[in-house]
Amino acid sequence: MTDRNPDKKSALADGATGFFSNLVSSILRDLMKLVIIFALGTLGGAVICFYYGFPLVFSFVGGIAIFAIAVAAFISS
């Protein structure tokens with residue numbers, strides 16, 4: 001008598017699938033956070049550029065600055 005069930009995946013394959021699934025989902029979650037942070041920084045920069053009459057190209061500087069601060073915060077924590 002054996003306790004093996006041929007219909008079930010092995011524990012090793014299931015663990016590997018769970019690991020890579022968790023890895024990809026965490027990478028996508030962090031990437032979306034950084035994209036949202038960059039977009040909010042650029043939007044804030046655009047509002048300031050409209051208010052003071054600067055060209056909108058400078059709004060990317062705000063996005064890059066906020067992005068750099070966020071990346072530094074993620075790395076330090």
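Per the conditions (1) of a type in the set (Gly, Ala, Ser); (2) at pLDDT below 90; (3) more than 25 Å from the chain's Cα centre (by Cα), the sole criterion not satisfied by Ser76 is (3). If only residues of the stretch 18-64 that are surrounded by 15 or more Cβ atoms within 10 Å (Cβ to Cβ) and of a type in the set (Gly, Ala, Ser) are counted, the one that is farthest from Ile75 (Cα to Cα) is Ala46. Every test in (1) surrounded by 10 or more Cβ atoms within 10 Å (Cβ to Cβ); (2) at pLDDT 90 or above is passed by Gly15 save one, and that test is (2).
The values are calculated or read from the model by the stated rules, or taken from the named source; none is laboratory data. Fair warning: this is a prediction, and the values are worked out from it, not measured in the lab. Cβ atoms come from the backbone with ideal geometry, glycine included; neighbour counts cover every protein chain shown.
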